[in-house]
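The values are calculated or read from the model by the stated rules, or taken from the named source; none is laboratory data. It should be emphasised that the depicted structure is a prediction, and the values quoted were computed from it without experimental measurement. Because the Cβ atoms are built from the backbone with ideal geometry, glycine has one as well, and the counts that use them run over all protein chains shown. What goes into the accessible areas is simple: the full protein's heavy atoms, side chains included, and nothing from ligands, DNA or RNA. Shrake-Rupley method; radii C 1.70, N 1.55, O 1.52, S 1.80 Å.
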Amino acid sequence: QVQVVESGGGSVQAGGSLRLSCAASGSTFSVSKMGWFRQAPGKQREFVAAIRLSGGSTYYADSVKGRFTISRDNAKNTVYLQMNSLKPEDTAVYYCAASYVASGSYGYWGQGTQVTVSS
């Protein structure tokens, strides 16, 4: 099993930046990919970004491409989401997730961290 814990959320004005962290523990040697998802009030959960831990390939939703950057520190079992040029529509609870396979679903989820962007 893998446990993931997000941190770094907060409130920021539009145009500002935040960096989210996701620390993984447990059977981290089995984790193939990790990703970030978000759920805005009254909205469905949506994919934000993902990274393969072995090769570092990254993937982004079109809505955040060019503004957000996902990265990893394998030595620390930590994944980051650097969020720049934040917009009010980025306001959501952000969740980190881990998967044992690169092409499979995410089986391990964090508790979420709130990101609020004000205009």
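Considering the chain at the alpha-carbon level, its Rg and Dmax are found to be 13.4, 41 Å. Taking every alpha-carbon pair under 8 Å whose residues sit at least 6 apart, the stretch 1-44 reaches a relative contact order of 40 percent.
Using C-alpha pairs under 8 Å with a sequence gap of at least 6, the mean separation divided by the residue count of the chain gives a relative contact order of 36 percent.
Net charge within 11 Å of Ala50 by Cβ-Cβ distance, Lys/Arg positive one each and Asp/Glu negative one each, not counting Ala50 itself? Every neighbour counted, the sum reads +3. Here r is the Cβ-Cβ distance between Ala40 and Gln3 and R0 is 30 Å; the resulting FRET efficiency, rounded to 0.05, is 0.75.
Taking a sphere under 15 Å around the Cβ of Thr113 and counting the other residues whose Cβ falls inside, with K and R at +1 and D and E at -1, yields a net charge of +1.
Computed over the Cα atoms, what is the radius of gyration of the stretch 14-55 divided by 2.2 N^0.38 Å, N being its residue count?
Output field value: 1.47.
Write down the accessible area per residue of the chain in Å², having rolled a 1.4 Å probe over the full set of protein chains.
That works out to 50 Å² per residue.
Surface composition of the chain: carbon and sulfur make up 46 percent of the accessible area, probe 1.4 Å. A simple count of charges around Leu20, restricted to other residues whose Cβ falls under 14 Å of its Cβ and scoring Lys, Arg +1 and Asp, Glu -1, yields +1. For the stretch 60-105, the relative contact order comes to 25 percent (Cα pairs under 8 Å, sequence separation of at least 6). Between amide H atoms placed 1.01 Å from N, distances below 5 Å from Ser27 occur with Val2, Gln3, all of them 5 or more places distant or on a separate chain.
Residues in the stretch 71-80 carry Karplus couplings, in order, of 9, 9, 10, 4, 5, 9, 6, 10, 10, 10 Hz; the curve used is 6.51 cos²θ - 1.76 cosθ + 1.60 with θ = phi - 60°, and Gly or Pro positions show x.
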